[in-house]
Amino acid sequence: MSITAPEPKANMGQPIPRYDAAAKVTGKAQYAADVPLVNPAYACLVTSSIAKGRIDGFDMTAAKQVRGVIDIVTHENAEQLKEAKLFSNGGYAGTTIQPLKSADVAHTGQIVAVVVAETFEAAQQAAYAMKVNYTAAMPSATFDSAGTTSAPAKGQLAQFKEDPKVGDFAKAFNDAEIKVSAAYETPPQHHNPMELFATSCVWLGDSLTIYEPSQYVYGLKNGVAEQLGIDADKVRVINAYVGGAFGSKGSMTPRTAIIASIARRLGRPVKLVATRAQGFTIATFRAETRHEIQIGARRDGHLTALRHESWEVSSRPDPYAVGGTKTTTRLYACPNIESRVSIVRADRNTPGFMRSPPEVPYMFALESAMDELAVALNMDPVELRRVNDTAKEPISGKPYTSRSLMACYDQGARAFEWEKRSPQPKSMTEGDWLIGYGCATSCYPTQMAPAAARVRLQRDGRVRVEIAGQEIGNGAYTVIGQAAAEKLGVPVEKVSVFIGDSDLPPAPVAGGSNSTASTCSTVIKVCEQVRQKLFEALTSNESLTNEAKGTVGMGQTPSTPSASNDRPLDLERAFDALGVSVVEEYGEWKPEGAPMDSFQAMYKGQVRMVGGSEMKDKIAYAFGAEFVEVRVNKWTHEIRVPRLVGAFAAGHIMNPRTARSQLMGGLIWGMSSALHEATELDERYARYVNDNLADYLVPVNADVSDVDVILVAEQDDHINPAGVKGIGELGNVGTNAAVCNAIFHATGQRLRKLPVRLEKLEI
Ligand code: MOS
């Protein structure tokens, strides 16, 4: 594995180091809980030990005796906050389960009390000393538990509009020459970002400042204001850095308004850092899923019929589903397709987004089934993808804006030396080790949302960019700085980037892999406004030719590249002509197809995301091909992964160095998801058992050997001004299936339930 930054290929930016690299490695980067507060009180949560039932009362005697305890807040004395609506229902919240509202308990680990004390230690000690008396009822934990209900997602989830369908699946499957039918299952998983769920709330008069790691400062600001019943302009959310999120910090959790309300009541700042274990239940998670796939094909490999039915677990009150059939039904050419997604309600906390929410479980099912079909056809799995590659999605025939899937397969296969694979399962061995090669497709929708930015250019060439994006480890500072530097023709060292503050112009949630596309497209547009201003000053003051004037005229829409935009600016002359020393522009950008209310919604913290399969006359996805070598020990069944190779095409790559890291992290996470990760559930109590980083398995360095990321050059002029498709959630999509396909090739055993651990192997 090479550790040097990759050389940029066509349509790739410079592999500069991260803007925030030095701050992060030297500990200077300030995360929410690092912000010093004046005379703070410390909060500690008490969470429910039952999953269903009610609180009969509290015994606080011991807790109140702890020196330094200031207040204990329960449903009996808490301020009654306004209802938090689900984000998918026009609100901001990831759950409608509102703690401290009544004696009812909806899931294990629900907040039932908040202890506030002079020190963190006192708060913690008192929280442990709290006794809560419950009347517990029998909870329904998961699939097949008594008392769960199941209903189609369509009709109960506004975002899930349809179960994609085309042609006549039943007839085509019945007539198919080759058939595959199989069921797959994925477990619950938790994001476990390194940075815990922290919240500090500081009131100054009637203005509230919140320091909290959030993927969406505008969403949090508006959501908390709504719950507190105050004007959103009175709320400011600040987070210069977010220490990982992966979806868990995308929507508002109940803790923020609760802490804000306590701080208001006490008249002093309150700081909360929830524990690792509490993070499993006070925020969201990736719910368990089940899938049934049926594929019919001709002997030459062409798909003739495809059906994907799935079930996902959600909480009692909230209909959450990731609904990945919108992707799996559109990936390969096939004339007859049917699908259905159902939501199963259990007594659990409401699930939510987790890195590549729909694609990870749904593509595991489809790409495993495709491998099963390749085996049934006695066909190379790469060739099966080639036979079914398509320039148009099969549901409504919309063309892909660009699709480099087979280029990814070809470049990935070459690097992996796929041709050395002998097709028969169990045919490759080395000593006690069975060797398997597997592959699978990765894909992720290209998504974009409206944003606004302010750009200031000084006479000395220094630039300040302001946009309320979020640095969640995605390299937002770096790529936003690069976008401005490239557009204004200044060295990137001269650009200062300000993000992570809801007082800046709004940007969307850093989720759905839309950040780079949305923020860079917006910054490019505003930089064009700055250039326009300077060129106008030059052209009115100096005698440029008419031809040159034409290229900078007002008739140009700023987002259209023009000759003037590529010409170097003579700043001295332009600023002389303008007669000032600073040019500052504010601008807004919205993607094609975004609704009329986009900009108002953006200020209200509501994202109008467009892209993927939901565009009017086209469909946009990034693609990848992943190759995995596994070695399975004949005697111990130990599974090792010596090689992971991923080749990815995602339009313009802003920075090959950060892109490679992002995709490498995705591949490693994907392997982790296949072999390690699962939140274990005690079904008797609907309780997570391994709610800590010792028992929740993630790979360590020794589990990861060679990881090779290939950036495949691709240009797409039909998506957004930045030409960016987004890569944050691309790398970890195909890996689950690729690992299981490799295990099948090594052992002859097909594993359809994740994660695969050595006790599951029967060889
Ligand atoms: Mo990502 S799960 O869209 O934060």
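Before moving on, here are some points about what is shown:
- Peptide ranges 751-757, 480-486 listed from the most packed, as the mean C-beta count within 10 angstrom indicates: 480-486, 751-757
- Förster radius 25 Å - calculated FRET efficiency between Leu693 and Glu493, Cβ distance, rounded to 0.05: 0.10
- In summary, the aspartates and glutamates within cross-link reach of Lys525, defined as a Cα separation below 17 angstrom excluding same-chain residues under 8 places away, comprise Glu466, Glu486, Glu536, Asp566, Glu584, Glu585, Glu588, Glu592, Asp717.
- As a rough footprinting exposure proxy, the listed residues Leu86, Leu405 were ranked by other beta carbons within 10 Å of their own, and the order from fewest upward is Leu86, Leu405.
- Gain in span if fully extended, Arg414 to Arg265, counting 0.36 nm per residue against the direct Cα distance: 47.2 nm
- Extension gain, Asp576 to Arg299, is 92.4 nm, computed as 0.36 nm per intervening residue step minus the present C-alpha separation.
- Cut-off 17 Å, label 7 Å out along Cα→Cβ of Asn541, residues of the range 580-603 by amide N: 580-584
- Cα centroids of the range 66-102 and the range 286-338: 37 Å apart.
- Equivalent ellipsoid dimensions for the range 613-763 as semi-axes, Å, which come from the Cα gyration tensor, largest first: 32, 19, 15
- Only beta bridges with both residues in the chain are counted; by DSSP, about 75 percent of them are antiparallel.
- The orientation-averaged projection of the convex hull spanning the C-alpha atoms of the chain amounts to 33.7 square nanometres.
- Nonlocal amide H pairs with Thr446, under 5 Å, H built at 1.01 Å: Gly612, Ala620, Tyr621, Ala622
- Under the simplified labelling scheme, the Gln14-Arg567 pair shows an inter-label distance of 2.4 nm, with each label point 7 Å from Cα along Cα→Cβ.
- Above 22 Å, the calculated P(r) of the range 61-201 contains 65 percent of its Cα-Cα pairs.
- For the range 1-144, the Kirkwood radius over C-alpha pairs fed into Stokes-Einstein at 20 °C and 1.002 mPa s yields D = 111 µm² per second.
- Gap separating the Cα centres of the range 703-725 and the range 174-239, nearest whole Å: 26 Å
- Over 29 Å between alpha carbons, listed pairs Lys154/Lys618; Lys82/Lys616; Lys9/Lys753; Lys326/Lys590; Lys24/Lys760: Lys82/Lys616; Lys9/Lys753; Lys24/Lys760
- Taking θ as phi - 60° and the Karplus parameters 6.51, -1.76 and 1.60, the scalar couplings of the range 123-140 work out to 4, 5, 4, 5, 4, 5, 7, 6, 10, 10, 9, 10, 10, 9, 10, 6, x, 9 Hz in sequence order, x denoting glycine and proline.
- For the range 392-406, backbone phi angles converted through the Karplus equation (6.51, -1.76, 1.60; θ = phi - 60°) give residue-by-residue couplings of 10, 6, x, 6, 10, x, 6, x, 5, 4, 6, 7, 10, 4, 6 Hz, Gly and Pro being listed as x.
- The value for the range 1-56 of Rg(Cα) / (2.2 N^0.38 Å) is 2.26.
- Förster radius 41 Å - calculated FRET efficiency between Val38 and Tyr128 (Cβ-Cβ, nearest 0.05): 0.90
- Amide H contacts of Val495 (H built 1.01 Å from N, under 5 Å, at least 5 apart or other chain): Val463
- In sequence order, the range 477-487 has phi-based couplings of 3, 5, 6, 5, x, 5, 4, 5, 4, 5, 6 Hz under the Karplus curve 6.51 cos²θ - 1.76 cosθ + 1.60, θ = phi - 60°, and Gly or Pro positions carry x.
- Full extension of the chain between Ala5 and Asn174 gives 55.7 nm of extra length, using 0.36 nm per residue less the Cα-Cα distance.
- Label-point separation, Ser396 to Lys85 (7 Å along Cα→Cβ), nm: 2.5 nm
- Residues in the range 61-76 that a label on Glu121 would reach, taking backbone N under 15 Å of a point 7 Å out along Cα→Cβ: 66-69
- For the range 250-379, alpha-carbon Rg over 2.2 N^0.38 Å: 1.49
- Label-reachable residues, the range 117-151, where backbone N falls under 12 Å from a point 7 Å from Ala277's Cα toward its Cβ: 128-129
- By the beta-carbon count within 10 Å of each Cβ, the least crowded to most crowded order of Trp589, Trp311, fewest first, is Trp311, Trp589.
- Net charge of neighbours whose Cβ lies under 13 Å from the Cβ of Arg403, counting Lys and Arg as +1 and Asp and Glu as -1: +3
- Taking the average, over residues, of other Cβ atoms within 10 Å as the packing measure, peptides 293-306, 487-500 rank 293-306, 487-500 from highest down.
Where a number appears in this text, it was derived from the coordinates with a stated rule and is not lab data. Everything quoted here is computed from the prediction, not taken from an experiment. Please note: Cβ atoms are built from the backbone with ideal geometry, for glycine as well, and neighbour counts cover all protein chains shown.
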